[in-house]
1. Mind counting the residues in region 32-49 that are of a type outside the set (D, E, K, R), more than 11 Å from the chain's Cα centre (by Cα) and either crowded, with 20+ Cβ neighbours inside 10 Å or farther than 19 Å from F8 by Cβ (or both)?
2. Please enumerate the residues belonging to region 88-133 that are among the basic types (K, R) and not in a helix (DSSP H, G or I).
3. In region 47-71, which residues are assigned to a loop (DSSP other than H, G, I, E, B) and without any contact (Cβ under 8 Å) to a residue 60 or more places away in the chain?
4. Quick one: L92 ticks every box in (1) touching a residue at least 60 places away in the same chain (Cβ under 8 Å); (2) farther than 23 Å from E20 by Cα bar one, so which box is it?
5. Can you spot a residue in region 16-29 that is part of a strand (DSSP E or B), acidic (D, E) and either surrounded by 12 or more Cβ atoms within 10 Å (Cβ to Cβ) or out of contact with any Gly (no Cβ under 7 Å at 6 or more places or on another chain) (or both)?
6. For the subset of region 85-111 comprising residues that are closer than 14 Å to V68 by Cβ and among the aliphatic types (A, V, I, L, M), which member is farthest from the chain's Cα centre (by Cα)?
7. Go through region 72-83 residue by residue and tally those that are part of a loop (DSSP other than H, G, I, E, B), over 17 Å from T95 (Cβ atoms) and either basic (K, R) or in contact (Cβ under 8 Å) with a residue 12 or more places away in the chain (or both).
Amino acid sequence: MKTDLLRFDGSVEREPAIEEWFGEHAGELGTLARQWFEVMRHCGDEVRELVHDGCPVACLGDVPFAYVNVFTAHVNVGFFQGASLPDPDRMLQGTGKFMRHVKLRPGSPTNEAALNRLIELAWSDIKARVEHG
């Protein structure tokens, strides 16, 4: 499982710029993004956060594991090591070497249990990579 992990400087326990970001993304899409970022925040006491490439990112220390971003008509819940996550519900999209995302649209059904599992898996996966890497 040894990998060179992506690392970001500046992660903190609670990043004030993230609340500002949510303030700028009001409405249904912002609410949806906040809902899933809160799930990321509650993965463990070691979760840190920052804004990277204009969106909220959840990290273990300086290693990112997930993010949310708002687009015109959807929200992405993304995973930095998503290509290696088990996805029995086939929710993950993308073809990059590492990253994958789940696209959420207001008014469309979301398999919340499966998305919660993906977030939990992303957290436990990054912990294993950091601790045993």
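1. Residues meeting the conditions: 3.
2. Step one: list which residues in region 88-133 are among the basic types (K, R), which gives 90, 97, 100, 103, 105, 117, 127, 129.
If the condition is that a residue be among the basic types (K, R) and not in a helix (DSSP H, G or I), then R90, K97, R100, K103, R105 are the ones that fit.
3. Looking only at region 47-71, we keep the residues that are assigned to a loop (DSSP other than H, G, I, E, B), and these are 53-54, 61-62, 71.
Matches in region 47-71: D53, G54, D62, F71.
4. Going through (1) touching a residue at least 60 places away in the same chain (Cβ under 8 Å); (2) farther than 23 Å from E20 by Cα one by one, L92 breaks only (1).
5. Of the residues in region 16-29, the ones part of a strand (DSSP E or B) are none.
The answer is no, given that none of the residues of region 16-29 is part of a strand (DSSP E or B), acidic (D, E) and either surrounded by 12 or more Cβ atoms within 10 Å (Cβ to Cβ) or out of contact with any Gly (no Cβ under 7 Å at 6 or more places or on another chain) (or both).
6. For region 85-111, the residue satisfying everything is L104.
7. So the first thing to find is which residues in region 72-83 are part of a loop (DSSP other than H, G, I, E, B), and the list is 72-74, 80-81.
Remaining after also requiring over 17 Å from T95 (Cβ atoms): 72-74.
With either basic (K, R) or in contact (Cβ under 8 Å) with a residue 12 or more places away in the chain (or both) added as a condition, the list becomes 73-74.
Residues in region 72-83 being part of a loop (DSSP other than H, G, I, E, B), over 17 Å from T95 (Cβ atoms) and either basic (K, R) or in contact (Cβ under 8 Å) with a residue 12 or more places away in the chain (or both): 2 in total.
Residue by residue, here is whether (1) among the hydrophobic types (A, V, I, L, M, F, W, C); (2) under 16 Å from V57 (Cα atoms); (3) surrounded by 13 or more Cβ atoms within 10 Å (Cβ to Cβ); (4) at pLDDT below 95 holds:
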{"residue": "V77", "(1), (2), (3), (4)": "yes, yes, yes, no"}
{"residue": "R90", "(1), (2), (3), (4)": "no, no, no, no"}
{"residue": "G96", "(1), (2), (3), (4)": "no, no, no, yes"}
{"residue": "M99", "(1), (2), (3), (4)": "yes, yes, yes, no"}
{"residue": "V102", "(1), (2), (3), (4)": "yes, yes, yes, no"}
{"residue": "P106", "(1), (2), (3), (4)": "no, no, yes, yes"}
{"residue": "E112", "(1), (2), (3), (4)": "no, no, no, no"}
{"residue": "L115", "(1), (2), (3), (4)": "yes, no, yes, no"}
{"residue": "L118", "(1), (2), (3), (4)": "yes, yes, yes, no"}
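The values are calculated or read from the model by the stated rules, or taken from the named source; none is laboratory data. Note that the structure is predicted; figures quoted are calculated from it, not measured. Glycine also receives a Cβ, built like all others from the backbone with ideal geometry; neighbour counts cover every protein chain displayed.
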